[in-house]
Amino acid sequence: MAKVKIITAYIPIPNHPRTAEEYGKLGEGFRGITAAPVKAFYQQLADLWLGQFVWSQPNKITHSEGDNPAKNTLAYHIVQHNKFAWLTAAAITDPDPDVFVWLDYGIFHQPNVTAKVIDDFVRRVDDKYIYAPGCWPEKPVDDSSPCWRFCGSMFAVPRRFLQPLDNRFREETKRNIWKTKNLSWEVNDLARMEQSYRELPIHWYKGDHDQTQFTNYGAPHAT
């Protein structure tokens, strides 16, 4: 069985629709996980790589808002783009785990996601591929709305793929910003990255923003 470590993070975003108190209550769910240790990063927006990149650009960078501008702020996109950076940072400080699993700090807000569901997944996951559940088949990406090729709230990444994944994701994000002068959703950049870097062993399987991200792992229709 692969040795697994779960990684999450909380970054305060001013005027975000979900309050710090609400996030705090959701974060308590991590205490129920017993199958793997959990590490949470608590940082500030200025610490994150994408903020430093965006703020250094000579031209003004816009951001995609979709149908929820209160949620989809520039700060929110910057935070969402830091997931693989946190996984990589966790691996540097802990040489023991084989697989690092990203879970959004608000994962327990999603229907039927429980500590038991996560524990069952952790006990089954292996270190062969990058596991990334999603809602949609592969298709062109439109930055006027989120691309749900990937759910975005859960990834399982073997140690040996962490640095290449983080590097390629940053490259794709920067390339799209340079091209469009706009920062989009991290799932959109991830979908573009999948299409651009076929050497990354991303194993997509059908899942939604609920327990199926975990329970559908290893299902016969996974591709």
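The values are calculated or read from the model by the stated rules, or taken from the named source; none is laboratory data. Nothing here was measured: the structure is a model prediction, and the numbers come from that model. Quick reminder, even Gly has a Cβ in these numbers, built from the backbone with ideal geometry, and neighbours come from all protein chains shown. Only protein heavy atoms, including side chains, enter the accessible area calculation; ligands, DNA and RNA are left aside. Shrake-Rupley method; radii C 1.70, N 1.55, O 1.52, S 1.80 Å.
Search the stretch 1-59 for residues being assigned to a loop (DSSP other than H, G, I, E, B) and among the hydrophobic types (A, V, I, L, M, F, W, C), and hand back the single one that is surrounded by the fewest Cβ atoms within 10 Å (Cβ to Cβ). Outline the logic, then answer.
Here is the first cut: in the stretch 1-59, the ones assigned to a loop (DSSP other than H, G, I, E, B) are 1-3, 11-19, 33-37, 43-44, 48, 56-59.
Next, from what is left, pick out any that are among the hydrophobic types (A, V, I, L, M, F, W, C): 1-2, 11, 13, 33, 35-36, 48.
Numbers: Met1: 11, Ala2: 17, Ile11: 22, Ile13: 18, Ile33: 17, Ala35: 17, Ala36: 20, Leu48: 20.
Here the answer is Met1.
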Name, by its number, the condition in (1) closer than 26 Å to Thr19 by Cβ; (2) surrounded by 19 or more Cβ atoms within 10 Å (Cβ to Cβ); (3) in contact with a Cys (Cβ under 8 Å, 6 or more places away or on another chain) that does not hold for Arg149.
(1)
Filtered residue count, the stretch 60-96, keeping only those that are surrounded by fewer than 11 Cβ atoms within 10 Å (Cβ to Cβ) and assigned to a loop (DSSP other than H, G, I, E, B):
6
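Hey, among the residues in the stretch 97-116 that are in a helix (DSSP H, G or I) and open to solvent by 30 Å² or more (accessible area, probe 1.4 Å), which one's farthest from Glu28 (Cα to Cα)?
So the first thing to find is which residues in the stretch 97-116 are in a helix (DSSP H, G or I), and the list is 107-109, 115-116.
Add one more test, that the residue is open to solvent by 30 Å² or more (accessible area, probe 1.4 Å), and what stays is 108-109, 116.
On the way: Phe108: 9, His109: 11, Lys116: 14 Å.
Residue satisfying both the conditions and the ranking: Lys116.
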May I ask you to verify whether Gln211 is closer than 30 Å to Gln57 by Cβ and open to solvent by 20 Å² or more (accessible area, probe 1.4 Å)?
no
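Working only within the stretch 165-185, note down all residues that are assigned to a helix (DSSP H, G or I) and either open to solvent by 20 Å² or more (accessible area, probe 1.4 Å) or basic (Lys, Arg) (or both).
From the stretch 165-185, those assigned to a helix (DSSP H, G or I) are 165-180; that's our starting set.
Answer for the stretch 165-185, where residues must be assigned to a helix (DSSP H, G or I) and either open to solvent by 20 Å² or more (accessible area, probe 1.4 Å) or basic (Lys, Arg) (or both): Asn167, Arg168, Arg170, Glu171, Lys174, Arg175, Trp178, Lys179, Thr180.
Which residue out of Ser144, Ser196 is touching a residue at least 40 places away in the same chain (Cβ under 8 Å), more than 25 Å from Pro37 (Cα to Cα), surrounded by fewer than 21 Cβ atoms within 10 Å (Cβ to Cβ) and over 17 Å from the mean Cα position of the chain (by Cα)?
From the options Ser144, Ser196, the qualifying one is Ser144.
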Out of the residues in the stretch 25-74 that are under 20 Å from the mean Cα position of the chain (by Cα) and among the polar types (S, T, N, Q), state the one that is nearest to Ser184 (Cα to Cα).
Ser64
